[in-house]
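Q: Below is one structure. I have some questions about it.
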Amino acid sequence: MKHNRSLKAYLLRTAFVFSVLGFFLIYWAASQAYTNAVKSNAIAVSNQLALNTFNSMFQIMQQGWNRDQVETFIDNLQRTSSEHSYSIEVYRADRVTEKFGAIDQKAFDAFNRRTLETKSAHFAEEGATLRYSYPLLARAECLGCHSNAKPGELLGLIEVRQNLGPMLHHAQNDLVSRLIYLAPIPFLLAVVVIFFMNRRINHSIQHLEANIDRVHRVSDLKHLELQTTDLGFSELNRVYAKVEGLGDRMRDIAVDRELLEFEIRLLEKFVITSEVVRDWREYVNILLNDINTVMRAYNLFSIFKVDEEIFDLEIFWSGPPSDETRALMESEIKKALDASPLFRNLMTLSINHSIADRNGAVVDLQLEDVQLQTKSLFLEAPKIGGIVGIGVHVDISQDESRRLVMESILSTLMNVVGSVKAIYKYTKDLEYYATRDPLTDLHNQRIFWEMLNYEVMRAHRKDYNFGLLVVDLDNFKSINDSYGHSFGDKFLQELSRAMREALRAGDMLARYGGDEFTVILPEASVEQTQEVAQRLLRSLENLQLKAPSGDDLETGLSIGLANYPEHASSSKDLFMFADNMMYKAKALGKNRVYVPSEDDVIEVFKDISEKSLMISKAIKEKRVIPYFQPLMGNASGKIEAVEVLSRIQLEGDNVMGAHEFIEIAENMGVIHNLDFAVMEKAFSQVQKEGFDGLVFVNMSPRSLVLSEFVPEVKRIVAEAGIPPQRVVFEITERDTVKNMTMLEKFVQSLKAEGFNLAIDDFGSGFSSFHYLKHFPIDFVKIEGEFIANMVNDSKDNAVVRCITDLAHELKARTIAEYVESAEVLEAVKAINITYAQGFHIRRPAPYIYPPEERQQQTG
């Protein structure tokens with residue numbers, strides 16, 4: 001709480017208080033000094049009285065005196081002293097009493113005995129009375145009468161008592177009266193000094209107030225002129241110098257309130273919405289108009305990298321520029337870009353002009369006007385879709401505070417514009433790569449299945465045949481192992497281009513995965529399908545690509561053929577049939593097309609029937625077993641989780657992989673029983689080996705139609721004694737889920753029980769983004785194809801980074817699949833992916849810890 005006090009009143013009060021304190025201090029000191037002086041004088045008087053009394057007694061004794069004369073002398077002495085403020089007592093010592101007998105005297109007290117013992121004079125204070133005791137010592141002259149004494153022996157003592165009270169009281173009263181007369185004089189002198197000092201200080205303060213009252217905005221601080229005035233006090237001169245110095249510093253750092261309010265209002269508009277992304281140029285034009293309400297800004301520009309060696313230059317004008325100004329601005333910006341090693345010798349620069357106010361004044365600038373005072377930022381290594389520079393032309397050189405605010409606004413504007421364009425670019429990229437294989441630019445597996453399902457429905461509705469080819473590149477692993485993945489990727493790209501050229505218009509070529517491709521041939525008979533397959537074989541033969549060593553590549557294409565509806569009536573069965581035919585082509589020596597016969601049709605579906613029986617029997621006999629593939633924490637380098645994979649135990653030590661029976665089990669409607677059996681054994685193994693990490697379990701979307709799925713999972717987990725928080729269910733995209741409401745309820749029920757959720761193969765299709773948006777996802781498993789190629793393909797790398805950033809923004813942990821080399825693992829760690837999974841970490845095995853690790857744990 002502040003108190004408004006007057007300096008003059010404060011000084012007066014202070015002077016009064018100190019005057020009073022001075023009065024009492026002087027009184028006390030004078031009183032003490034006077035009292036001590038009186039006491040000292042009283043002691044001297046007592047000593048003199050004692051000596052006079054002794055001398056009188058000595059003279060009488062020399063004349064010879066009798067007892068009556070002695071008593072008369074003492075009576076006269078007491079009577080005389082009673083008339084004054086002192087009294088005198090004479091005491092006989094033992095030697096005199098022995099010789100002449102006792103007289104009527106007071107008994108010795110402690111004060112007297114001290115004199116007797118010490119044979120020396122001393123004094124004592126008893127209240128206002130001063131007692132002085134003087135010893136009478138025998139001289140040689142005294143021995144004539146006092147023959148029983150020796151020289152120096154004590155014959156008696158004389159005590160003098162003085163009452164100092166009246167004297168001291170009178171002195172103190174006199175001192176007080178004199179001090180009362182003198183006390184106002186110092187106070188009056190202080191008042192005079194205060195008056196003149198207060199007038200000088202008030203004059204200085206009024207001068208300071210007048211200067212401060214002239215300051216209404218930051219620019220007025222330059223009017224503070226204080227150091228030119230001599231205030232008469234060096235202290236005030238120093239204060240004024242500091243205030244003026246503060247004004248100088250404030251001019252450099254302070255910002256006007258209206259400018260800050262403008263900045264706040266403008267920054268509030270820096271919110272990225274779908275409308276902003278869609279109409280981002282109009283959005284920047286509006287911001288430029290707002291900037292011009294505070295300061296004159298002719299234009300601003302941004303340079304945006306949209307692809308390798310391809311840049312967009314966006315120039316925004318406050319009003320329509322003249323043709324000369326437009327050309328001049330483009331020329332000057334290009335010169336500035338050429339001066340930067342980042343933009344020198346641009347291959348492609350697309351320039352776009354936008355006008356904020358087409359009805360505004362024409363912007364006509366001269367060359368000197370275009371010597372921009374800009375805020376620019378050039379990133380050393382701009383990424384695809386990243387903003388690399390922004391600048392503004394404004395006349396703010398005379399106002400440092402406005403320049404700083406504008407730089408702040410432009411820095412934020414740069415981030416907003418960059419984010420808007422990056423979001424637009426990344427959205428388009430994600431949409432593209434969700435349907436495309438980034439290495440070959442062919443359709444990916446997800447789109448293949450969507451197109452195959454669509455073609456089956458269309459062919460059934462319009463009653464026509466179509467063909468399906470499954471193509472596998474022979475000996476591709478040897479090419480990768482011999483010449484490296486970089487050459488292998490180049491070979492796949494060249495082969496994809498050659499196969500595209502061999503197909504008809506309307507045929508759909510897709511990369512199914514790895515070295516496997518598929519082709520859908522609409523409205524094609526078996527013969528037409530076979531003809532296209534032969535053209536694909538010839539495309540490889542005509543491919544002019546040598547190994548790095550210069551040798552010819554020993555490879556070929558094994559092609560399986562199927563036709564709808566001749567060989568199958570469903571998309572899954574049709575693909576399975578073509579896939580079987582492809583393996584028959586390989587079995588016959590590779591590099592050929594296998595055209596199925598009627599016997600092949602019977603054999604394939606017989607095999608499917610046999611596998612169906614085998615699957616039913618395996619579930620019944622509990623020969624479904626779990627395999628575990630570890631997930632390594634990239635931060636710790638330790639195994640922190642395992643994924644459970646399904647296998648079927650065959651005779652001996654043989655096992656059947658999940659790819660051979662999962663789809664059949666789904667078609668049979670027994671996939672949930674298979675999942676339950678695997679979970680029971682997997683959780684039991686987890687407890688047996690003492691693993692305390694996360695356990696990932698694959699879940700087919702078909703499980704959501706089963707009301708007993710969640711209760712059964714709860715039972716299995718509870719019996720195994722594993723907390724639900726350690727179990728992660730992976731939502732796969734093997735089947736498209738059309739009823740998203742049902743899936744959402746299913747997922748919510750799992751989350752309500754404490755289970756975690758992961759999206760598998762994120763980026764392989766559009767459903768991944770839908771899941772991430774609508775479901776409480778804890779983990780994102782990035783599509784392995786992107787991970788495998790990220791060290792060799794910048795597009796794959798960009799997609800992986802984008803997915804990682806998106807997942808982390810949504811507080812989801814990330815998992816990189818297909819980590820099959822140390823190089824890929826380092827790339828994964830570099831972009832902060834949470835976990836790594838793949839053959840480089842460890843292949844799937846029927847145990848969590850290898851036997852040697854278990855021995856160490858038990859040991």
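Q: Which pairs have Cβ atoms under 9 Å, sit 6 or more apart or on different chains, and link a residue in the stretch 192-207 that is under 13 Å from L12 (Cβ atoms) and part of a helix (DSSP H, G or I) to one that is polar (S, T, N, Q) and at pLDDT 75 or above?
A: Between residues of the stretch 192-207 that are under 13 Å from L12 (Cβ atoms) and part of a helix (DSSP H, G or I) and residues that are polar (S, T, N, Q) and at pLDDT 75 or above, the close pairs are I194/T14.
Q: Still on this structure, please answer the following. Of the conditions (1) modelled with pLDDT under 75; (2) assigned to a loop (DSSP other than H, G, I, E, B); (3) surrounded by 12 or more Cβ atoms within 10 Å (Cβ to Cβ), D607 satisfies every one except a single condition; which number is it?
A: Failing condition for D607: (2).
A quick yes/no check of all residues on (1) more than 24 Å from L337 (Cβ to Cβ); (2) at pLDDT below 80; (3) buried (at least 22 other Cβ atoms within 10 Å of the Cβ):
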| position | (1), (2), (3) |
| --- | --- |
| W280 | no, yes, no |
| Y283 | yes, yes, no |
| D290 | yes, yes, no |
| L300 | no, yes, yes |
| I303 | no, yes, yes |
| V306 | no, yes, no |
| F316 | no, no, yes |
| G319 | yes, no, no |
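Q: Return yes or no: is F187 at pLDDT below 75 and either open to solvent by less than 90 Å² (accessible area, probe 1.4 Å) or over 25 Å from A42 (Cβ atoms) (or both)?
A: In short, yes.
Q: In the set L553, L543, L561, which member is modelled with pLDDT of 90 or more, outside any helix (DSSP H, G or I) and either out of contact with any Lys or Arg (no Cβ under 7 Å at 6 or more places or on another chain) or small (G, A, S) (or both)?
A: Within the list L553, L543, L561, the selection yields L561.
Q: Any residue at all in the stretch 461-477 that is hydrophobic (A, V, I, L, M, F, W, C) and farther than 25 Å from M576 by Cβ?
A: The answer is no; no qualifying residue exists.
Q: Of all residues in the stretch 795-833, how many are modelled with pLDDT under 90 and either more than 17 Å from R436 (Cα to Cα) or open to solvent by 70 Å² or more (accessible area, probe 1.4 Å) (or both)?
A: Adding up the residues that qualify gives 8.
Q: Name the residue that is modelled with the lowest pLDDT, counting only residues in the stretch 632-669 that are of a type in the set (D, E, K, R) and assigned to a loop (DSSP other than H, G, I, E, B).
A: E651
Q: For the stretch 549-573, which residues satisfy the criterion of being open to solvent by less than 20 Å² (accessible area, probe 1.4 Å) and of a type outside the set (V, I, T)?
A: G556, L557, S558, G560, L561, A562, N563, Y564, H567, A568, S571
Q: Could you please give the count of residues in the stretch 698-721 that are open to solvent by less than 10 Å² (accessible area, probe 1.4 Å) and either at pLDDT below 90 or under 26 Å from P851 (Cα atoms) (or both)?
A: 5
Q: Next up: Residue under question is L157, and the condition is that it be surrounded by 12 or more Cβ atoms within 10 Å (Cβ to Cβ) and either modelled with pLDDT of 80 or more or in contact with a Phe, Trp or Tyr (Cβ under 7 Å, 6 or more places away or on another chain) (or both); does it hold?
A: yes
Q: So which residues in the stretch 119-145 are closer than 12 Å to L157 by Cβ, part of a strand (DSSP E or B) and open to solvent by 60 Å² or more (accessible area, probe 1.4 Å), if there are any at all?
A: Across the stretch 119-145, the qualifying residue is only L137.
Q: I need the full set of residues from the stretch 834-846 which are in a loop (DSSP other than H, G, I, E, B) and surrounded by 15 or more Cβ atoms within 10 Å (Cβ to Cβ), in order please.
A: Answer for the stretch 834-846, where residues must be in a loop (DSSP other than H, G, I, E, B) and surrounded by 15 or more Cβ atoms within 10 Å (Cβ to Cβ): T834, Q837, G838, H840, I841, R842, P844.
Q: Which condition number does N198 fail, the rest of (1) of a type outside the set (A, V, I, L, M, F, W, C); (2) under 60 Å from the mean Cα position of the chain (by Cα); (3) within 20 Å of V38 (Cβ to Cβ) being met?
A: (3)
Q: Also, quick follow-up: Going residue by residue through the stretch 198-216, is there one that turns out to be at pLDDT below 70 and either under 30 Å from A29 (Cα atoms) or in contact with a helix residue (DSSP H, G or I) (Cβ under 8 Å, 6 or more places away or on another chain) (or both)?
A: Yes, the conditions are met somewhere in the stretch 198-216.
Q: Further question: I'd like the full set of residues that are touching a residue at least 24 places away in the same chain (Cβ under 8 Å) and open to solvent by 60 Å² or more (accessible area, probe 1.4 Å), limited to the stretch 636-649.
A: Listed by number, the residues that qualify are I639, E640.
Q: Here is a follow-up. Of all the residues that make up the stretch 502-523, how many are assigned to a strand (DSSP E or B) and either open to solvent by 30 Å² or more (accessible area, probe 1.4 Å) or out of contact with any strand residue (DSSP E or B) (no Cβ under 7 Å at 6 or more places or on another chain) (or both)?
A: So the count comes out to 3.
Condition check ((1) at pLDDT below 90; (2) more than 30 Å from A798 (Cβ to Cβ); (3) buried (at least 16 other Cβ atoms within 10 Å of the Cβ)) across all residues:
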| residue | (1), (2), (3) |
| --- | --- |
| Q445 | yes, no, yes |
| Y454 | no, no, no |
| V471 | no, no, yes |
| N480 | yes, no, yes |
| R500 | no, no, no |
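Q: Okay, next question. Got a sec? Which of L77, L49, L116 is at pLDDT below 75 and assigned to a helix (DSSP H, G or I)?
A: Unique residue meeting the criteria: L77.
Q: Would you say R538 is within 22 Å of T435 (Cα to Cα) and open to solvent by 20 Å² or more (accessible area, probe 1.4 Å)?
A: No, not satisfied.
Q: Let me spell it out: the conditions are (1) open to solvent by 10 Å² or more (accessible area, probe 1.4 Å); (2) farther than 27 Å from D441 by Cα, and A758 meets all of them except one. Which number is the exception?
A: (1)
Q: Against the definition (within 23 Å of G784 (Cβ to Cβ) and in a helix (DSSP H, G or I)), how does L495 come out, yes or no?
A: It is true that L495 is within 23 Å of G784 (Cβ to Cβ) and in a helix (DSSP H, G or I).
Q: Shifting gears a bit: What is the number of the single condition among (1) open to solvent by less than 30 Å² (accessible area, probe 1.4 Å); (2) assigned to a helix (DSSP H, G or I) that V593 does not meet?
A: Every listed condition holds for V593 apart from (2).
Q: For the stretch 574-585, which positions are surrounded by 17 or more Cβ atoms within 10 Å (Cβ to Cβ) and out of contact with any helix residue (DSSP H, G or I) (no Cβ under 8 Å at 6 or more places or on another chain)?
A: If the condition is that a residue be surrounded by 17 or more Cβ atoms within 10 Å (Cβ to Cβ) and out of contact with any helix residue (DSSP H, G or I) (no Cβ under 8 Å at 6 or more places or on another chain), then A578, D579, M582, A585 are the ones that fit.
Q: Answer yes or no as to whether R178 is part of a strand (DSSP E or B) and farther than 16 Å from V96 by Cβ.
A: So R178 does not fit the description; no.
Q: Hey, another quick one. Filter the stretch 82-110 down to residues that are out of contact with any Leu (no Cβ under 9 Å at 6 or more places or on another chain), part of a helix (DSSP H, G or I), without any contact (Cβ under 8 Å) to a residue 24 or more places away in the chain and of a type outside the set (V, I, T), then give me how many there are.
A: 2
Q: Regarding the stretch 670-681, can at least one residue be identified that is crowded, with 22+ Cβ neighbours inside 10 Å, modelled with pLDDT of 75 or more, of a type outside the set (G, A, S) and in a strand (DSSP E or B)?
A: no
The values are calculated or read from the model by the stated rules, or taken from the named source; none is laboratory data. Keep in mind that what you see is a predicted model, and the values were worked out from it rather than measured. Cβ: placed from backbone, ideal geometry, glycine included. Neighbour counts: every protein chain shown. Only protein heavy atoms, including side chains, enter the accessible area calculation; ligands, DNA and RNA are left aside. Shrake-Rupley method; radii C 1.70, N 1.55, O 1.52, S 1.80 Å.
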